[in-house]
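Q: The structure's right below; bear with me while I get my questions together.
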Amino acid sequence: MASANREPQDDKKEDKRSSDRVKSLDTALAQIERQFGKGSVMKMGDRKAVAMEVIPTGSVALDIALGVGGLPRGRVVEIYGPESSGKTTVALHAIANAQKAGGIAAFIDAEHALDPEYAKKLGVDIDALLVSQPDTGEQALEIMDMLVRSGAIDIVVVDSVAALVPRAEIEGEMGDSHMGLQARLMSQALRKMTGALHQSNTTAIFINQLRDKIGVFFGSPETTTGGKALKFYASVRMDVRRIETLKDGQEAVGNRTRVKIVKNKVAPPFKQAEFDIIYGVGISREGSLIDLGVEAGIVKKSGAWFTYEGDQLGQGKENARAFLIDNPDLANDIEKKIRASYVPADIDPALVAAVDEATADVEF
């Protein structure tokens, strides 16, 4: 009998304790909103699901490998690989696509090696591009931070992390040891900028170089410069490699490039994409459409002939590529079908359509 009386009392105490916790939480949330602004803390269920905004890379194959149709907005992206593998070309194509969609782009040229004529051929609006050639790493990252916090920039590219030389190293003597200075500089900059990038919806692309670790006998000896901070803060890391030289007879006309998505916080990682980079032209959009179209069964291949919905595109890949360049409406139609066939179920198809419309007229 005593235990029966005790149970209702225990239930009442539990209900009161639960009610007090809810009131305490409501009070804390109200104080947080007063102090830090509305939306500082919220329940995940209260937040409306928003399709991720992206900037297309210029390669349909790479957009598909990224899982969301391009480079995510408001995030840090690292592009690394050996010399002359296509890192800067991919970044410049992203700039061209952002500008085509009405965005403002900035290029931090720490290597002092930007070729305006080549960038123009890739579709970059050179007259509207903001370019900085800083003297020190601190200056480069400070300029970048101020541009991002302005809220007016859509994409900013740093070329490259290895060229962000700390002021102490520039002002010092040759042969002086400056252990860890660049890593500390990158760590501090990324801590400051990550939140601002998210708030301003700016995509930050860091191009990086490879170095070899000394004394590594097992596993890959390759590593990237600038310490470990960038590896942690990057939402997407892309390993760019040149796998083949494209030739017209005996003359080299371009590279076959493979990109591996080694880290991806917005979609499943470790996917790969292959595409052609033609010298003086950039990423061959039409070449990617032929490759992916055949893979998806949208473009039919019979022997050396390529056909689409009964219409012959050409004999051999080069002729088919030339035919699609001369018929952009047909190329756009094939691209829409390819993107629709590869788009994940949880990605809004309207977003993919918007990406297509924004970049359909970009000339590569």
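The values are calculated or read from the model by the stated rules, or taken from the named source; none is laboratory data. For clarity, every value in this text was computed on a predicted model and none was experimentally measured. Note: ideal-geometry Cβ built from the backbone for every residue, glycine included; neighbour counts use all protein chains shown.
Q: Given (1) touching a strand residue (DSSP E or B) at 6+ places or on another chain (Cβ under 8 Å); (2) of a type in the set (A, V, I, L, M); (3) assigned to a helix (DSSP H, G or I), identify the lone condition not met by Val131.
A: Only one criterion in (1) touching a strand residue (DSSP E or B) at 6+ places or on another chain (Cβ under 8 Å); (2) of a type in the set (A, V, I, L, M); (3) assigned to a helix (DSSP H, G or I) is unmet by Val131, namely (3).
Q: Checking Val156 against (1) more than 15 Å from Ile95 (Cα to Cα); (2) outside any loop (DSSP other than H, G, I, E, B); (3) of a type outside the set (Phe, Trp, Tyr), which single condition isn't satisfied?
A: (1)
Q: List every residue pair whose Cβ atoms sit under 9 Å apart, with the two residues 6 or more apart in sequence or on different chains, where the first one lies in segment 38-64 and is over 26 Å from Ile290 (Cα atoms) and among the hydrophobic types (A, V, I, L, M, F, W, C) and the second, anywhere, is at pLDDT 95 or above and not in a loop (DSSP other than H, G, I, E, B).
A: Cβ pairs passing all conditions: Met52/Pro72.
Q: May I pose another question? Identify, from the list Val262, Val299, the residue that is touching a helix residue (DSSP H, G or I) at 6+ places or on another chain (Cβ under 6 Å) and either closer than 30 Å to Lys120 by Cβ or without any contact (Cβ under 8 Å) to a residue 40 or more places away in the chain (or both).
A: After ruling out the rest, the residue left standing is Val299.
Q: Restricting to segment 202-220, what's the tally of residues that are closer than 25 Å to Ala273 by Cβ and part of a loop (DSSP other than H, G, I, E, B)?
A: 4
Q: Another question about this same structure. Looking at Glu309 and the list (1) without any contact (Cβ under 8 Å) to a residue 12 or more places away in the chain; (2) in contact with an Asp or Glu (Cβ under 7 Å, 6 or more places away or on another chain); (3) charged (D, E, K, R), which single condition is not satisfied?
A: (2)
Q: Answer yes or no: is there a residue in segment 310-328 that is in contact with a Lys or Arg (Cβ under 7 Å, 6 or more places away or on another chain), at pLDDT below 95 and not aromatic (Phe, Trp, Tyr).
A: Checked segment 310-328: no residue is in contact with a Lys or Arg (Cβ under 7 Å, 6 or more places away or on another chain), at pLDDT below 95 and not aromatic (Phe, Trp, Tyr).
Q: Restrict the check to segment 95-116 and report whether at least one residue is closer than 24 Å to Ile243 by Cα and surrounded by 22 or more Cβ atoms within 10 Å (Cβ to Cβ).
A: no
Q: Among the candidates Gly123, Gly151, Gly175, single out the residue that is touching a residue at least 60 places away in the same chain (Cβ under 8 Å) and either among the charged types (D, E, K, R) or in a loop (DSSP other than H, G, I, E, B) (or both).
A: Details: Gly151 fails: touching a residue at least 60 places away in the same chain (Cβ under 8 Å); Gly175 fails: touching a residue at least 60 places away in the same chain (Cβ under 8 Å).
Matching residue, one of Gly123, Gly151, Gly175: Gly123.
Q: Would a scan of segment 183-195 turn up a residue that is among the hydroxyl-bearing types (Ser, Thr, Tyr) and assigned to a helix (DSSP H, G or I)?
A: The answer is yes; a qualifying residue exists.
Q: Ile243 fails exactly one of the following numbered conditions: (1) loosely packed, with under 13 Cβ neighbours inside 10 Å; (2) more than 15 Å from Ser85 (Cβ to Cβ); (3) in contact (Cβ under 8 Å) with a residue 24 or more places away in the chain. What is the number of that condition?
A: In the conditions (1) loosely packed, with under 13 Cβ neighbours inside 10 Å; (2) more than 15 Å from Ser85 (Cβ to Cβ); (3) in contact (Cβ under 8 Å) with a residue 24 or more places away in the chain, Ile243 misses (2) alone.
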